[in-house]
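The values are calculated or read from the model by the stated rules, or taken from the named source; none is laboratory data. Fair warning: this is a prediction, and the values are worked out from it, not measured in the lab. In this analysis, Cβ positions are derived from the backbone assuming ideal geometry, glycine residues included, and neighbour counts consider all displayed protein chains. Keep in mind that these areas ignore ligands, DNA and RNA; they rest on the heavy atoms of the full protein, side chains included. Shrake-Rupley method; radii C 1.70, N 1.55, O 1.52, S 1.80 Å.
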There are 2 protein chains.
Amino acid sequence: MNLKIAIVDDNRRNRYSLAEQLRISAGIAVILQAGDGGDYLEQMKVLEPEQYPDVVLMDIEMPGMNGIDTVRNSKTLYPSVKYLMLTVFDDDDKIFEAIRAGANGYLLKDEKPMAIIECIQQLAELDAAPMSPSIARKTLALLSQATLVTSVDKPASVQLLSERELEVLKQMAIGKDYKQIAATLFLSTHTIRKHIANIYEKLHVTSKIQAVNIAQKNNWV
Amino acid sequence: MNLKIAIVDDNRRNRYSLAEQLRISAGIAVILQAGDGGDYLEQMKVLEPEQYPDVVLMDIEMPGMNGIDTVRNSKTLYPSVKYLMLTVFDDDDKIFEAIRAGANGYLLKDEKPMAIIECIQQLAELDAAPMSPSIARKTLALLSQATLVTSVDKPASVQLLSERELEVLKQMAIGKDYKQIAATLFLSTHTIRKHIANIYEKLHVTSKIQAVNIAQKNNWV
DNA sequence: GCCGGAATAACACATATGTGTTATTGTACC
DNA sequence: GGTACAATAACACATATGTGTTATTCCGGC
């Protein structure tokens, strides 16, 4: 089989011990390690498609680009790569966000190493979706509250703001600062500042909160 | 531990072999067997609460009352009983319906007996939600199409923030800066800054937008 | 090929904001 | 009478933000 695995975690110790365990317990090769999302995407850029990892173990809580944004970004670039989220918390919103972003599985970090290995193999070979049972429970709870929506929407004509500006506005709305938005969208902070300045001019406001308020009132976010 | 298990399946052979496996592999007692939902509910009626099964293995496809309707009906009567659905199909709609009905776990019938036993124990002891990986995958797919309906409610205990802090938060929410809030509330900007710092600490956030987002989500403004 | 606009990027400066610390006052509770 | 706490106020410092200005690249339309 010879699986190719990547590990993204800001804690170097975690990465190494996990990589070591994968190697000795299952002969699985960790072909790429990164300390945050930006780092990971940088390293992916120089790989040929046949070198892509089969499964990426992705920490959620990281400085710089977090695990969820990283999955969202890379799912469009590398749709065949599967992501197994690792987290210390089992926070409802995070789980939902990660799933929407395209995560293929969701494990708690204190899962036994053998269980993690098994999940990696299931994910890679069977196209299954492994979850820690406690995560699965929350997933069910979320689903039972959810209403299936036939993907409605498209308010369409928000031609006032450009696509790019809308993206920036969405990031602002969830409380990110310049640096974080820049990291998420792969732009410089200078560009983000310029976009925001343009947004303010178009909306006739002078601060983040005012802009976000207008966006929310008009259902742009 | 001594778990009490019930099995509901229209195929007598399935019931017996499953019961036998539970008994010899894990010493788990099957205290009740039924061939369909009506049968199951009849038998439950004559039991005292302390005799209720801990976990019920529930087939979905059955003549008479099917597994999903059975769970729906019995969840109101016996809320403490947990249901582990067993099915040969992994049909999307069925999964969603079963979850809404109150199923606590969802396994494919061709799961290895040891895996089923493990799931029963996890469900009973840890209050977890075991799922076959392929079911989990479909669950994720459903969730990613779903829109969370927060079912609102609970303004109630906003004792977290003081009255004064709430006033300040409201002013923040409409886009005022420190000076404007101070002027509106006849306070010094120093005081406003202190209030806001306290608000951040209580809400575990670090910026206006994040604080306002929480306030709006909780209907405080 | 040229033009205009959008997206990108950079620099500089004045303000606003986030954070740590300290202090005074009023008031409710024991 | 003491004390615990909310509200008020102030200071200092490091960052984040708002704003003005300039420049390059890419793309669609004429």
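Brief remarks follow.
- Output for region A:160-180, where each listed residue is free of Cβ contacts under 8 Å to residues at least 40 places away in the same chain, away from every other protein chain (no Cβ under 12 Å) and part of a helix (DSSP H, G or I): A:163, A:164, A:165, A:167, A:168, A:179
- The residues of region B:54-111 that are of a type in the set (Asp, Glu) and open to solvent by 10 Å² or more (accessible area, probe 1.4 Å), listed by number, are B:54, B:61, B:69, B:90, B:91, B:92, B:93, B:97, B:110, B:111.
- Residue selected from region A:210-221 under the condition within 14 Å of another protein chain (Cβ to nearest Cβ) and outside any helix (DSSP H, G or I), by the criterion nearest to DNA strand C (Cβ to nearest atom): A:221
- Test: residue B:73 is among the polar types (S, T, N, Q) and closer than 17 Å to residue B:106 by Cα: no
- Scanning region A:185-209 for residues that are exposed (fewer than 13 other Cβ atoms within 10 Å of the Cβ) and assigned to a loop (DSSP other than H, G, I, E, B), we see that the one that is farthest from DNA strand D (Cβ to nearest atom) is A:186.
- Selection from region A:13-28 of residues that are within 26 Å of the chain's Cα centre (by Cα) and not hydroxyl-bearing (Ser, Thr, Tyr): A:13, A:14, A:15, A:18, A:19, A:20, A:21, A:22, A:23, A:28
- Region A:163-184 - residue that is under 16 Å from the mean Cα position of the chain (by Cα) and within 9 Å of DNA strand D (Cβ to nearest atom) and, of those, most open to solvent (accessible area, probe 1.4 Å): A:180
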